[in-house]
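We did not get these values from a lab; they are worked out from the coordinates using the rules stated. Worth saying up front: this structure is predicted, and the values here are computed from it rather than measured. For neighbour counting, all protein chains shown are included, and Cβ atoms are generated from backbone atoms with ideal geometry for every residue, glycine included.
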Amino acid sequence: MLTKSNYLLGLQCPRLLWVAKNDKDRIPEPDVIAQQKFDVGSMIGELAIKVFPDGKRIPTEDFNETINKTKQLLSEKVPLFEASFKVGDLYLRADILFPVGDEWDIIEVKSATKIKDINLEDVSFQKYVCEKAGLKIRKCFLMHINNEYVRDGEIEPSELFVQTDITEKVEEFSKGIEERIENMLKIVDSKEEPKTCIGVYCSDLYDCSLVKECWKDVPEGNVFNFYRMRKKMCFDLYDSGIVKIDEVPDDIKLNNKQKIQRLLAEKGGEHIEKDKIKNFLKNLKYPIYYLDFETINPVIPKFDGMKPYQRIPFQFSLHIQEKQGGELKHISFLADGVDDPRPKFMQALKDNLGDKGSVLVYNQSFEKGVMRESAEAIPEFQDWFEKNIEPRVKDLWDVFRNFWYYDSKQKGSASIKYVLPVLSDLSYQDLDIKKGDFASYEWERITFLENVSDEEKKKVRDALERYCEMDTMAEVEILNKLNEIIDGENGVE
């Protein structure tokens, strides 16, 4: 059978669809971050149905019972949750069907705050199957998150969601759907796996589960490492036989940063603009406060005064250095308990950031944005942030995103995770927590789940502190290396 999830896979890549239906063991199990997204989607679905108190849920344990129960309840003309239909080789389980006289509205529930093309493709499949099953579909709606909702007490589902009429757009996306479905059914039934090349679709609609398998033969130093080159242009080069950066001919239009990458791919070494790095360093004032945050941004607001997806900081690491080459003092904050961490977080920053010296971060838009949002939520910190902290923030990322320093080993990235191994022996590899999204997941898990032991909480909290400390220690190491470059004769002008 072809389900709506299969249909979306088929839109992305015929090979992905075939593997999912015929050799699914090749599809990797979702990691904890992906699983968390699935779980959040289920939570959103449960909240959405509360908007329709008269609705009835179709049991999903048994396939045949699900189909038969749907047929039975359609005559009752009440909202139906998880209504299921089998039409030929097609199978659908719809989030919500809402009766309007003799017609029905399709209501698709999503945790996003805006409409995406994939939602329209999704609902177009639902409409096609419902109509094949004999239903008259009046309108189609996307029930998504209201990004203006502010929590005040218990979550109010009717205010958390908004319904957007997508009927006309679904009609547009439905053009040619019968032919697409027929082609996908042929792919599924084929004994031969489709042969496909890598393409833009490898990350559109989703990041494909087969990326590692399909991309295994793409060599190091490939054109996909070009800094901020449009995906289509990268694939145009690749498809024309230009696979590596050093193979790109002179007549291909590149920006200055990409030209630097091509030059280093041919000659090796580093690109260093000492004057610009020197000016950056001169603008830093001691004491330097090396700062890094970790945040959560849950779709369902956890605290009063919070909006969906608002960033809530729960941790910071701070290294303080009074003079160049001087000793480091480390201060760590990690929120404990289920209350809003922002008041204590902001107070700890205020207690430790002093009133002079540079506050050095990596990607200032993030740290500034988090502090600004927190200060707006807790106005007693607003004046302090705007007058004392914001003017002092300096961004170490500037050096690398502007290519004042670039090494081909960065693989076209200015991320601190790619810059650090080039300039230091420090490594995240031995840490239990290596990435920010996993740090956020782990803090939420040990903070809000009830079945976590004290021993496990301590283990995770220690790992969180080591990870965040590594981020600010990375800033220290990178700045030390930049000072060495300017003071000595390392690198190539």
At 7 Å along the Cα-to-beta-carbon direction for both Thr3 and Met233, put a label point, then send me their distance in nm to one decimal.
4.1 nm
May I ask what percent, to the nearest 5, of DSSP beta bridges between residues of the chain are antiparallel?
75 percent
Suppose we keep just the DSSP beta bridges with both residues in the range 4-189; what percent of those would be antiparallel, to 5?
70 percent
Could you work out [θ]222 nm for the chain from helices alone, using -39500 (n - 2.57) per DSSP H run of at least four and dividing by all its residues? Round to the nearest 500 deg cm²/dmol.
-13000 deg cm²/dmol
Sorted by Cβ neighbour density within 10 Å, fewest at the top, the residues Glu159, Glu82:
Glu159, Glu82
Could you list, in their original order, any pairs among Lys244/Lys409; Lys77/Lys116; Lys212/Lys459; Lys307/Lys394; Lys21/Lys169 whose Cα atoms are separated by more than 22 Å?
Lys77/Lys116; Lys212/Lys459; Lys307/Lys394; Lys21/Lys169
Using a 7 Å offset from the Cα along the Cα-to-Cβ direction at both Glu156 and Val40, what is the distance between the two label points in nm, to one decimal?
2.4 nm
If the chain between Asp246 and Phe303 were fully stretched, how many nm would it gain, using 0.36 nm times the residue separation less the Cα-Cα distance?
15.3 nm
Find the centroid of the Cα atoms in the range 86-127 and in the range 373-426, then give the distance between the two in whole Å.
43 Å
For Asp204 and Glu376, calculate 0.36 nm times their separation in residues minus their Cα-Cα distance, and state this gained length in nm to one decimal.
58.3 nm
Can you list which of the GluC sites (Glu not before Pro) found in the range 167-263 are DSSP loop residues with at most 15 other C-beta atoms within 10 Å?
Glu192, Glu220
Looks like the chain, by Cα gyration tensor root eigenvalues a ≥ b ≥ c and the a/c under 1.5 rounded cutoff (else prolate when a/b is bigger than b/c, oblate otherwise), is oblate
Spacing of the two label points (7 Å from each Cα toward its C-beta) at Glu182 and Asn255, in nm:
4.5 nm
Among the trypsin sites (Lys or Arg not before Pro) in the range 227-275, which ones are in a DSSP loop with at most 15 other Cβ atoms within 10 Å of the Cβ? Mind listing them?
Arg228, Arg230, Lys253
Quick one: angle between helix 342-352 and the longest Cα principal axis of the chain, in degrees between 0 and 90, rounded to 10, please.
10 degrees
Exposure proxy ranking, count of Cβ atoms within 10 Å, fewest first, for Trp215, Trp18:
Trp215, Trp18
Asn146 label point, 7 Å along Cα→Cβ, cut-off 20 Å on backbone N: hits in the range 261-300?
298-300
Ranked on Cβ counts within 10 Å of their own Cβ, fewest leading, Thr196, Thr70 go Thr196, Thr70
Would you mind working out the magnitude of the charge dipole of the chain relative to its Cα centre, with +1 at each Lys and Arg C-beta and -1 at each Asp and Glu C-beta, to the nearest 20 Debye?
920 debye
Loop-resident trypsin sites (Lys or Arg not before Pro) in the range 108-171 with no more than 14 other Cβ atoms inside 10 Å, DSSP not H/G/I/E/B, are Lys114, Lys116, Lys136
Nearest-ten-degree value, helix 256-267 long axis tilted from longest Cα axis of the chain
70 degrees
Using a Förster distance of 35 Å, the FRET efficiency for Leu281-Asp430 (Cβ separation, nearest 0.05):
0.70
With respect to the cross-link table entries Lys417/Lys457; Lys114/Lys257; Lys86/Lys175, which display a Cα-Cα separation exceeding 24 Å?
Lys417/Lys457; Lys114/Lys257
Subtract the Cα-Cα distance of Glu76 and Asn402 from 0.36 nm times their separation in residues, and report this length gain in nm to one decimal.
111.0 nm
